[in-house]
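To keep things clear, I will list the structure first and then write my remarks on it.
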Amino acid sequence: MSSIKLTPVAQPSGGIEKIEPLLLPHLDGLYARRAARLLALAEGHAMADYLQFAACIAGAQLKLLEQMPLPDTATTRPTLSNEHAPLDSTTLPRDRYWQQLLHGLIDVLLTDATPPVRKVLEQLRAHSPEQLETLASALLAGNHAEVGSDRALFLWSALSLYWAQLAARLPLHASAGLGENRQLCPVCAQSPSASVIIGGLRYLHCSLCESRWHMVRIKCSNCEETGKLDYWSLESKDATLKAESCGDCHSYLKVLYLDRDRDLEVVADDLASLALDAEVEREGFARSGLNPFLFPG
């Protein structure tokens, strides 16, 4: 049971909290910043082509957000519970609007798609609505191998744009209670992409709905143990991006210090630092988070 509780904004919170437990996504500028950061990181990078491709996807998401915003008919009334996320991605009934986003994404990306990408996009476009729902359910349940990393990339991009808009419209207030179990997003129950340090506080950034939730800095973001944490960097000890590893569960997750570098963008900089992943995994640790531009396989 999550220790971050969600209640309607109209309900008294009992006072002003020093730490905001939940930051719902602000979509204004999010995809534009991500696309721009990916392009900046691509310059001279060994992964330049893929970073530029990811920037194209973020640019397509921005275009769809502007041209095909979430209609009121596609919003959902959240179920507030101490035991379930209000937009739980594995149980929430999906509006077919997300498929409209997928087809819009396909149309935008087909313009400059390479032959391999074009093949995947055209295959997705040929799927029936029922087939797409089956793939979406498998993907959101974590069955990435069943979906395939190539299809997962585009399906997740559409689903994420759908869930981010749902999350941004939630009329909720969050309060932090005693307890643990903060490994998953309290809004949609998906895993984080990475964590960010803002104002000295750590927030985990959701890989699906783009929400951020608070977690103290002295414990593993996966198993919540505190005794065997180490920090890895390819640069100095004052690096703005590190990997936090846990010797108890043998997992790791990136940490981005936004207090030190405001140009950092969680998804873009995580993707551009796969060399760090390789080194940490060589030490025997497995990644606990998910980058929306990088699926297993």
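Any read-out appearing in this document is the output of simple, stated calculations on the displayed coordinates, not a laboratory observation. Treat the numbers as computed from the prediction; the structure is a model and nothing was measured. Here the Cβ is made from the backbone with ideal geometry for all residues, glycine too, and neighbour counts use every protein chain on show.
Data overview
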item: Coil-residue trypsin sites (Lys or Arg not before Pro) of segment 224-297, DSSP, other Cβ within 10 Å capped at 10; result: K237, R262
item: Zone residues, segment 256-297, relative to T90, backbone N less than 17 Å from point 7 Å out along Cα-to-Cβ; result: 288-290
item: Inter-label distance for K119 and E146, nm, one decimal - labels placed 7 Å from Cα along Cα-to-Cβ; result: 2.5
item: Order of V266, V216, V255, V117 - criterion: other Cβ atoms within 10 Å of each residue's Cβ, fewest first; result: V216, V117, V255, V266
item: Nearest-0.05 FRET efficiency for R169 and D230, computed from C-beta distance (R0 45 Å); result: 0.70
item: Under 27 Å from the Cα of K18 - lysines, other chains or at least 8 residues apart; result: K5, K219, K242, K254
item: Over segment 155-297, relative contact order from alpha-carbon pairs under 8 Å, at least 6 apart, %; result: 23
item: Options G44, L22, L132, ranked by Cα towards positive dipole end of segment 21-152, top entry (Cβ charges); result: G44
item: Along the chain, longest interval not containing exposed GluC sites (Glu not before Pro), exposed being DSSP loop plus at most 15 other Cβ atoms within 10 Å; result: 84-179
item: Residues with amide H under 5 Å from that of S251, placed H, sequence gap 5 or more; result: C246, A286
item: Cysteines having no other Cys beta carbon under 4.7 Å from their own, within the chain; result: C56
item: Dimensionless Rg over Rh [segment 27-172; C-alpha; Kirkwood]; result: 0.98
item: Dipole in debye (nearest 20) - segment 27-172, about Cα centre, beta carbon charges: Lys, Arg +1; Asp, Glu -1; result: 160
item: The chain: translational diffusion in µm²/s, Stokes-Einstein, Kirkwood Rh over Cα pairs, 37 °C, 0.692 mPa s; result: 166
item: Footprinting exposure proxy for D277, D263, D72 (fewest neighbouring C-beta atoms within 10 Å first); result: D72, D263, D277
item: Likely footprinting exposure, Y231, Y97, fewest C-beta neighbours within 10 Å first; result: Y231, Y97
item: Segment 175-287, dipole about Cα centre (Lys/Arg Cβ +1, Asp/Glu Cβ -1), debye to the nearest 20; result: 300
